[in-house]
Amino acid sequence: MENSKLRMKLASLFRIKALLRKLHQRFAVKRHKLTSSQENMSGNSLVLPIVLWGRHAPTHCISSLLLMDDLATIISGCHDGQICIWDLTSELEINPRALLFGHSSSVTCLSKASASSDKQYMVSASESGEMCLWDVNDGRCIEFTKLACAHTGIQFYQFTIGTQREGRLLCHGHYPEILVVDATSLEVLYSLVSKISPDWISSMSIIRSHRTQEDTVVAVSVTGILKVWIITAEVSRMQDLDPVFEEESKPIYCQNCQSVSFCTFTQLSLLVVCSKYWRVFDAGDFSLLCSVPSESEQTWTGGEFIAADKVIIWTEDGCSYIYKLPASCLPASEHFRSDVGKTTEGSIPPLVYSIADRSDKQLEEECEGQCVIVCIPDSASGPELYTPELLYLQQPLEAPLKCVCVCVCVCVLQLLICPPVTRFFYGRREPFHKLLVQGDSAGRLTLWSIPDTSPLQPLSSAAELQVSSTISLQEAFDKLTPLPAGIIDQLSVLPGSEEPIKVTASVYIPSQGRLVCGREDGSIILVPATQTAIVQLLQGEHMLRRGWPPHRTLRGHRNKVTCLLYPHQVSPRYDQRYLVSGGVDFSVIVWDIFTGEMKHIFCVHGGEITQLLVPPENCSVSFPYH
């Protein structure tokens, strides 16, 4: 009996071994097919996207910034819709890690979407109403949704139900309410609505209460009305569309509000930054404690508390100022609220301290961006209690202006397409750095570490706060060895030239496994996509072959090729042999990609060709080529 059982077990093992051998052979064949360069890509079940930028980094005009809680990752969104993930080391060195594609328009705001250290999630929103939930660790897009409204600001809010923690996203933008969105599914749960003077929300802040179970949302509308909503545990659990109305509505006369920040150090102050002034309010009854105007027609764009007695305010041109708040704004001081009612609500008391002209300071530093510490001691008579003391002046690394020196020489700094984006972040976990991050239209990130102590120096001297770290995408590309390869660099190098001919248009044809590249000299190159990628990504004997990979060159345009179209890829009614190209020479050319023959050329256009389109299926085609 035991022998028969043993024979049955051995037979089963042999059958399993034979089955595993068959499976191995089957998957080996599939693996060979997937890696074979001769296999038609349309027949494969695996699609592997490959991006080769070449030695020129992609444009990255930064529109929004986010620093994760662990201070190890910086996220930047740009006007082109891409998102870049930058690694930040403990020595404050910055390196780009990944570029995420998920938006079709400008990224308007970024926010973290999880408070857990295990899950590094963040959410992004675009001008077209798109919202994406990303895993920062691997760059995956976890969720996507599109709303009819565009968000201009998102804040993450976490609450506890029993022992379970849940996350919400509070969104505001071009609509007269605050949408509360589930941080996991991106589903709109309910909204915070105004009964009195409903309008778009300019900015908002969440005030967390450690004494009660009620948290407060404070927002300022575009008309300068302050709104207050109370969020309780019951409200947080809501998953229907019943609106929650405001508890308080009060005019504070803050026009063009740029940011609202709650002081987490004292939990008793509120900072409201407008384009022409910034103000500190009592978070209890919203009494005005301090008001400071902008000087030299500057435009404030944001600010934050960096300590219980200090705020940092930044401007549209990239300068930042650190102020020491007066005693009337400090809850720990005996003079707290002593000046409430002494100035008319909404008035702007004068700033009694002067600041050195920025352009003169730039010339002094040979047009290099600096953070300048300016210490102004208390006067003998003592300043008014509501007047802040200027401690630091930070200037951008690359200012969008022209400096004229005393010796009549002209120093032209890099012109920026749009104003830089500045944000302040305070580490919630170790290391507890206070960092000022700035991103500009050239794809550059600049980092300043904010000191905790105030400078103690005589009036006539000034110390320098050096830039902690700065890097652009192009500088990161230039540091790579070997330099990043373009898709057809091996076929585009001219004798005596270090730069290859630029690719100005491209189209991929999956059905034929071909890549078509139009270049700035008017030529068009047809190459096998797989072999071309192998040439640039893998090293081997093929790199020494002249004219490898096999290719075909089409010449007909007299100048740069601007657009390419393969009509059969859009509609099967077009012949699969035809390719259409347009250029700056006003011409449109129809090619036979099988023979390389120019079939037709049209030169009746009144300008360069910017786009080629295939008409809809229901359009009548009176001419065989479109």
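Below, the figures for the structure above:
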| item | result |
| --- | --- |
| Cα-based shape type of the stretch 489-602, given that a ≥ b ≥ c are square roots of the gyration tensor eigenvalues and the cut on a/c is 1.5 | oblate |
| Burial order of peptide ranges 146-157, 95-106 (average beta-carbon count within 10 Å, highest first) | 146-157, 95-106 |
| Label-point separation in nm, S449 to Q611, each point 7 Å along Cα→Cβ | 4.9 nm |
| Unsatisfied cross-links (Cα-Cα over 32 Å) in the set K146/K227; K502/K599; K195/K310; K112/K560; K434/K479 | K195/K310; K112/K560 |
| Chain lengthening between D592 and T299 when straightened (0.36 nm per residue, less Cα-Cα) | 99.7 nm |
| Virtual paramagnetic centre 7 Å along Cα→Cβ of R552, amide N under 14 Å, in the stretch 498-519 | 509, 512-517 |
| Inter-site label distance for R140 and T223 at 7 Å from Cα along Cβ, in nm | 4.7 nm |
| Peptides 591-597, 604-610, 197-203 ordered by average Cβ neighbours within 10 Å, highest first | 197-203, 591-597, 604-610 |
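Where a number appears in this text, it was derived from the coordinates with a stated rule and is not lab data. These numbers were taken from a predicted model, which means no experiment stands behind them. Reconstructed Cβ throughout: ideal geometry from the backbone, glycine too, with neighbour counts over all protein chains shown.
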